[in-house]
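Here's the structure we're looking at; comments come further down.
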There are 2 protein chains.
Amino acid sequence: MTSTGQYLREALDGPWKEVREQCREYLPADIFASDPTLDTKAARARALEQMHALVETGYAESGFRQENGGTGDVGAAVAGFEMLAYADLSLTVKAGVQWGLFGGAVENLGTKRHHDKYIRPLINLDLLGCFAMTESGHGSDVQQLETTATYDPGTQEFVINSPTPSSRKDYIGGAAEHATIAAVFAQLITEGESHGVHCVVIPIRDENGGDPPGVTTSDCGHKGGLGGVDNGRIMFDNVRIPRENLLNRYAEVEEDGTYRSEIETDSRRFFTTLGTLVRGRISVGGAAAAAARVALSIATRYALKRRQFRPAKDEPENVLLDYLAHQRRLLPLIAKSYALGFAQNDLVRKMHLIQTGQNTDPEAQRALEKRAAGLKVAQTWHATRAIQESREACGGAGYLSENRLVTLKADTDVFTTFEGDNTVLTQLVAKELLTSYADEVRDYDATDWIRFAATMAGDVVRERSGVRQMIQTLFDRGDESVEEGDLSKRAVQLQLFADREDYLVRTAVQRLRNGAKNGDAFKAFNNAQDHILKAGASHIDRLILEEFIDAIELIQDEEARKIAETLCDLYVFTELEADRDWFIMHRFMSVERAKAVRRGVNELCEALRPHALTLVEGLGVPESMLRASMLNDANVYERE
Amino acid sequence: MTSTGQYLREALDGPWKEVREQCREYLPADIFASDPTLDTKAARARALEQMHALVETGYAESGFRQENGGTGDVGAAVAGFEMLAYADLSLTVKAGVQWGLFGGAVENLGTKRHHDKYIRPLINLDLLGCFAMTESGHGSDVQQLETTATYDPGTQEFVINSPTPSSRKDYIGGAAEHATIAAVFAQLITEGESHGVHCVVIPIRDENGGDPPGVTTSDCGHKGGLGGVDNGRIMFDNVRIPRENLLNRYAEVEEDGTYRSEIETDSRRFFTTLGTLVRGRISVGGAAAAAARVALSIATRYALKRRQFRPAKDEPENVLLDYLAHQRRLLPLIAKSYALGFAQNDLVRKMHLIQTGQNTDPEAQRALEKRAAGLKVAQTWHATRAIQESREACGGAGYLSENRLVTLKADTDVFTTFEGDNTVLTQLVAKELLTSYADEVRDYDATDWIRFAATMAGDVVRERSGVRQMIQTLFDRGDESVEEGDLSKRAVQLQLFADREDYLVRTAVQRLRNGAKNGDAFKAFNNAQDHILKAGASHIDRLILEEFIDAIELIQDEEARKIAETLCDLYVFTELEADRDWFIMHRFMSVERAKAVRRGVNELCEALRPHALTLVEGLGVPESMLRASMLNDANVYERE
C-alpha cells in the first residue's frame, strides 16, 4: 500500500481505528467470507457458525456495559459492526439482530433483573434472541402496533395476543429458526387502560425447537438476499408470561396492576423507548456505506486493469478508467464514500459520548436521532446506487457471483427499508428541522401537523449546534458574495449548501402555514411533501459537507490532505451538479457558474484519475477481503 | 378490467396484439412461473423443461422463415418473446439464446445447407445450441476477438483455436450444460491472411455430454440472477471442423482455401454480420421493459391497498398511493413504460418490414440498428430503475421472493450489459448521429474519429426520416416561440426535445472539430465524451416522444385517449424536470417555466392518481401472472 493511501485510510478509520485494524486481522478468515451459492438451509447454518466464530474473537462484548459483562465501548461496537460488512452481510445482520437489536433492547429497556439473566448468555450465544417490533400491518407507523400485552393481576402475568391478521409479527430476523426468545413490542393494557407500546420478553421455542403453546412461528422464506438470516413471523394466542418479563426501565406494572412510569405521556415514553435503540439505525447506515466501499474498491481495481478499445492503431487498449464516462461513474461515488465515512465517524463519536454518559446535554439525544436518521438515509441510498453502478461498470464479469458485486447488491437492498424506510426517515428529519424539535409534534398526524404549522414562527433558524469552530470561522470569513465567489472555496461551498437548506426550510414553513389556512389539512401537507422531503435531504447534505471539511483538517500528511481536498471538491461539485436546476432557479447560481460546475466535475475526475488506486486503498477494505476472482484472473485482461 | 383499461391495453399491445393475447392464455400456467428458490442445478433443469413446454405451444416457429419450417412472422416472434418476461426471465433468456441468437445466427448467417440441417431440430429442441461471441478479454470490442478459425486446405477443415487466456469464450448461455453445438465467432484465416470475424458451427458436447477432443467447457457458476441459464466458458485447442460449418451467407472459403465475399471490406462485412443479429438487441430491450411493467403493476396494486399513517384521528389510514411522494415514485415510471412500449412497438414494426423484405430502403437497416441500440439502452435502464423503485416502494414485503420484485431485479440486472453495454451503445447512437451514418466510421478508434471530425460539416442536420406526417404537421403548426408557448402543447414539447438534440449534436461536432486541431486525439475525444453521450441520449428521448404522440392518435376510445394524453404529458414533464438545468442554462427554458415543470409533475400525478388501476390494467400484465402473494394477503392490509 502507498503511504498516502495509508494516511487516507487512517483518516477514514476515525476514532476507532484500532478496532478496525483488529477486524482487518481476523475477518479475512475463510469462515467469515460470504457464500451466495448456499441454499437457504445451509446459508442459515453457516451464519450461525460464523456467529460462534465471532464470539471467539470477543467481538460482541464492546456493545454491552461493564457491569453486564461487556466492555462498554459503544463506538467500538459500531465500528466493528461496520467492518463485518466487508466480510458477509448475512453475518452482519445476524449479529445486529442478536447483539444490537435484541441485546440492545434487553440492556437499554430492561433493568438489572433482565441484565443478570440474559446478557452474558446472549453475548456467548447461549441464548439466541430476536427483535419483534414490525408487524404485517405496521412497519413505519409502529405506534399503531396491534399486538397486545394485557396484564392479569390474578396470576401476575401478561397475556400476549395477536388480535388481527395484520398484527402478526413479520420479517423478524431469527424468528424462523434460531431464536428461542423474542423482545416483543406490544400495546400494554392494565386495569382496562392502554399505555402504548412496551417491550416484553417472550420464549418462542420449546426445548425441542418447536412452538410453545399459543405461539405460532412461520418462515418468510426466500428473500432477495441475506440468505443466512432466518426471517420469520410470529402470532400469539393468549400466551402467558410472568410480570417480570416486561422490560421495565421506563415503566412498571405493579403486582396489583397499577401502572407506573416516570415519563408522563404515552407518546413521550414511546419516543424515549425508540431513542434508546438509535444505535441500530446508526449501525445499519454504517454497514451500508461499508458495503459500498467494498463494491467501489472492486470496480475501481477492475477498471484499472481491464482494457477495451484502442485509442489508436498499434497502441495498447485503454484501461476502463481512462474513459471520462467511466471516471464519472466511479470517482464521484468514491468521493461521496469518503464524505459519508467521515460523517459516520462523527455520528458514532456523538453517540458514544451520549451513551457513555459523557454528554448529558438534554438536546443532544434528539439531535443525534435526527442525524442518525438522516445519515442512515444518505448511506443506504448511496450503497444502493454505488453497488449498482459498480456492478454495471464491471459488465458481464460483474454479474457473476464469484465477483461479489451482485451479492453485495442483493444483501444491502433492504437496508433502505429496515431500521426505518428512507422516505419516512427523510420526512422525520424535515419535521424536526421545521418544528425545531417541538416535543409535541412527534406523533402528530398530517392534520395535527398542519394545525401546528399555523403557529410556527415564519423564520426557522438553522440549527448550528453541530457546527464546530472551524466551520464557523470559515463561514465568518466568507465575505465575498456567493455569486461572485470561487466555487472551490470551502466558505462558498458551505454557504451554498446552507443557503439552500435555509431557503427550503423557510419556504416549507410558509407553505404549511398557508396550507393551514385552507380546508383540507392532509391535502395541504401532501401538496408540500416533495418540498418537505427536499428540505430534509438538503439538511443532511450540509451536515455531511461540514463533517468532510472538519475531517480534512485532521489529516497531517500533506499529500493525503491534498487528495482529500480534491475529493471534497468532487463531492461538492457532484452534489451541486445534481441540483443545479434548483440553484439556478432560486438565483443562488448564475448560468455561467452552473456551466462551470459540470466542467469542474470533469476536471476533478481528471485530477483524481492518477490517484485512483490510492483512493481505493484509503477506503480501507483490505485486498484480502475483496474476494472478487476477476481481480486476479488473467483471462479478463489483455495478453501482454 | 375496466373498459378504459382494456382500450389502453390494446393500444400498448400494438400491431401484434393477437400474439400477446395468445400468450396471455397459455403463459399463466404454473410450468412457466419463475421459482427463485431453486438451486442452480434444479433451476437449469426447470428452464429446459419450460422450453419443452413452450415448444408445445408452437411458440418458436414465428421466428423462422417459412422455407425453413417457421411461419416467418418476425414481429410476432419479438412480441411473444417480450411476453415471456411476464412469466420467467430465465426462460426468456434461455429461449432468446436458443431461437434468437443461435437460431438467428444459423438462419441469417448460414445458407441452405445449414438451414436444412439445423433449423427444424433447433425449433423442436432436438438440437440445443449456444451463441459464442463474447470472450473473456473482449465483450464490447468484438471486432478484436482472438479466437481463430484457420483453414487447412489439406483436410478441407477449419482449425479452431483459443490462442490466449483472454480468448476464452465467456458468459455463453447454454455452454455450461445444455448446448451440444455452438455458433462460434472467430477471426477467419485462410492462405495466411486474416479476413476478420466470421461465424462457424462447432459441436461442444459428445454423445455422453462430455467435452469433445480439444474442447474444454466450464461453468460460470452462480450469478446475480437468471439461475436457469447455464452460462459457461469454452476453450478450443486445435479443434477441427468441416469447411461446410462456416456460416457462409456473406463469405465463402473455397475448397482450395480461396476466400470469396461479395462484401469488399472486412469492416463492412463485420457490421453487416452484426446487423443481421439486430433482433436480439430489440428483443432484450422489449423484455426488460416488460419486466418493468410487471414490477410497476405489482407495486402500484400494492400501493392501492396497503395503508400506513392516518391523515387525522379517527380517519382510516391512507393508502400509500395517496401520498404525493409515492405518486412521484411510481406514476412517472408508469408513464415512461407507456412511452417505451409504444416506441418498442414501432421499432418491432420497422424491423418486421425490413426483415420480411417489405422495406428495402438501404438506409433503413442502419437507421433500425441505431434505433434498436438507443431503445435497448432506454428500456434496460428504465427496467433497472423501475424495478428498484418498485421494490423499495413495497418495503419489507418487497424484499421477500414470494412477492417477486427482487427476482425481477436480479434477473434483469444484466440486461444493461448484454447485447451491448449501455454506455457503449449510447456512444454508438451518438456517433451515428454525428457522422450521419458515414460508412467508414464504424470501426474507427478515437484517433481516427477525431481526424474524421475535422472534415465534418459544421451543421449536422437532424435526421427526420422517422418523423411521420402527423408529427411534421405538429412541428409546422408550432408557430409560437417555445419560450412563450404552453408546455402542455405537443408542438412545444417536441420542439424542446428536438432543440436540445440539435444543439447537443451541433456543439458536439464543433467540440470534436476543435479537438481535432490539437495534439492528443484520444484526449480530445475523451474530454467530450459526456457531451457525446448526452447527445445520444437526447436523440433517443426525442424518438420516444414522437412514437408516444403517434400512438395516441390511434386510440379510438375518448376516455382512454384522454388518459394517454395525460400520461404523455407526465412523461414529458418528468423528462424535462430531470434535465431542467440544461434547458435553463441553454436558454431554452426560463426560470419561471422551469418552476412550472415541477408543479406540473405534481399536478399530473394528482390527475392520474384516480386512474392508477386503469393505468396498470393498460400495462397489460394479466393479474394471474403477477404472482406476488402480498397482493392477496390480508395480513399486510388493515383489518376492517
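The values are calculated or read from the model by the stated rules, or taken from the named source; none is laboratory data. Note that the structure is a prediction, hence the values are computed from the model and not measured. Note that each Cβ is placed from the backbone with ideal geometry, even for glycine, and that neighbours are counted across all protein chains shown. Side chains included, ligands, DNA and RNA excluded: accessible areas come from the protein's heavy atoms. Shrake-Rupley method; radii C 1.70, N 1.55, O 1.52, S 1.80 Å.
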Q. Somewhere in the range B:204-227, is a residue more than 30 Å from B:Asp413 (Cβ to Cβ) and within 29 Å of the chain's Cα centre (by Cα)?
A. no
Q) A:Ala393: more than 13 Å from chain B (Cβ to nearest Cβ) and either among the aromatic types (Phe, Trp, Tyr) or out of contact with any Pro (no Cβ under 9 Å at 6 or more places or on another chain) (or both), yes or no? A) no
Q: List every residue pair whose Cβ atoms sit under 8 Å apart, with the two residues 6 or more apart in sequence or on different chains, where the first one lies in the range A:293-306 and is touching a residue at least 12 places away in the same chain (Cβ under 8 Å) and the second, anywhere, is of a type in the set (S, T, N, Q).
A: A:Arg293/A:Ser337; A:Ala295/A:Ser390; A:Leu296/A:Ser337; A:Leu296/A:Ser390; A:Ile298/A:Ser390; A:Ile298/A:Asn403; A:Ala299/A:Ser390
(Q) Considering only the range B:267-275, I want to know if a residue exists there that is modelled with pLDDT under 95, within 14 Å of chain A (Cβ to nearest Cβ) and within 23 Å of B:Tyr151 (Cβ to Cβ). (A) yes
Q. Any idea which of (1) among the β-branched types (Val, Ile, Thr); (2) touching a Phe, Trp or Tyr at 6+ places or on another chain (Cβ under 8 Å); (3) under 16 Å from A:His198 (Cβ atoms); (4) within 14 Å of chain B (Cβ to nearest Cβ) is the one A:Thr148 doesn't satisfy?
A. (2)
Q: Could you look through the range B:177-203, keep only residues that are of a type in the set (Gly, Ala, Ser) and open to solvent by 20 Å² or more (accessible area, probe 1.4 Å), and pick out the one that is nearest to the chain's Cα centre (by Cα)?
A: B:Ser194
Q: Tell me, please, whether a residue that is assigned by TED's automatic domain parsing to the domain that holds A:Arg609, open to solvent by less than 10 Å² (accessible area, probe 1.4 Å) and touching a Phe, Trp or Tyr at 6+ places or on another chain (Cβ under 8 Å) can be found in the range A:292-301.
A: yes
**Q.** In the range A:339-393, the residues that are in a helix (DSSP H, G or I), charged (D, E, K, R) and touching a helix residue (DSSP H, G or I) at 6+ places or on another chain (Cβ under 9 Å)
**A.** A:Asp346, A:Arg349, A:Lys350, A:Arg366, A:Glu369, A:Lys370, A:Arg371, A:Lys376, A:Arg385, A:Glu389, A:Arg391, A:Glu392
Q. For B:Gly519, all conditions in the list (1) part of a helix (DSSP H, G or I); (2) of a type outside the set (Asp, Glu); (3) over 28 Å from A:Trp582 (Cα atoms); (4) within 14 Å of chain A (Cβ to nearest Cβ) hold save one; what is the number of the exception?
A. (1)
Q.
Anything in the range B:302-322 that is within 12 Å of another protein chain (Cβ to nearest Cβ) and either under 27 Å from B:Phe418 (Cα atoms) or buried (at least 23 other Cβ atoms within 10 Å of the Cβ) (or both)? List them, or say none.
A. B:Arg306, B:Leu320, B:Leu321
Q) Can you tell which of B:Ala578, B:Ala564, B:Ala560 is in the same structural domain as B:Ala491 (by TED's automatic domain parsing), open to solvent by 10 Å² or more (accessible area, probe 1.4 Å) and not charged (D, E, K, R)? A) B:Ala578
Q: Under 6 Å between Cβ atoms, at least 6 apart or on separate chains: pull out the pairs that start in the range B:156-180 with a residue that is within 14 Å of chain A (Cβ to nearest Cβ) and under 17 Å from B:Asp219 (Cβ atoms) and end on any residue that is open to solvent by 10 Å² or more (accessible area, probe 1.4 Å) and β-branched (Val, Ile, Thr).
A: B:Asp170/B:Thr134; B:Tyr171/B:Thr134; B:Gly173/B:Val97; B:Ala175/B:Thr217
Q. In the range A:310-345, which residue that is within 23 Å of B:Thr426 (Cα to Cα) and small (Gly, Ala, Ser) is modelled with the highest pLDDT?
A. A:Ala325
Q | Candidates B:Asp459, B:Asp479 - the one that is at pLDDT below 85, more than 30 Å from B:Leu604 (Cα to Cα), open to solvent by 30 Å² or more (accessible area, probe 1.4 Å) and not small (Gly, Ala, Ser) | A | B:Asp459
Q. With B:Phe236, B:Phe270 as the choices, which residue is crowded, with 21+ Cβ neighbours inside 10 Å and in contact with a helix residue (DSSP H, G or I) (Cβ under 7 Å, 6 or more places away or on another chain)?
A. B:Phe270
Q: Find the helices (runs of 4 or more DSSP H) located wholly in the range A:546-640 whose residues include 3 or more that are among the aliphatic types (A, V, I, L, M), and list them.
A: A:558-578, A:591-608, A:612-619
Q: Report, by residue number, each residue of the range B:116-148 that is in a helix (DSSP H, G or I), open to solvent by 10 Å² or more (accessible area, probe 1.4 Å) and closer than 23 Å to B:Leu48 by Cα.
A: B:Lys117, B:Tyr118, B:Arg120, B:Pro121, B:Asn124
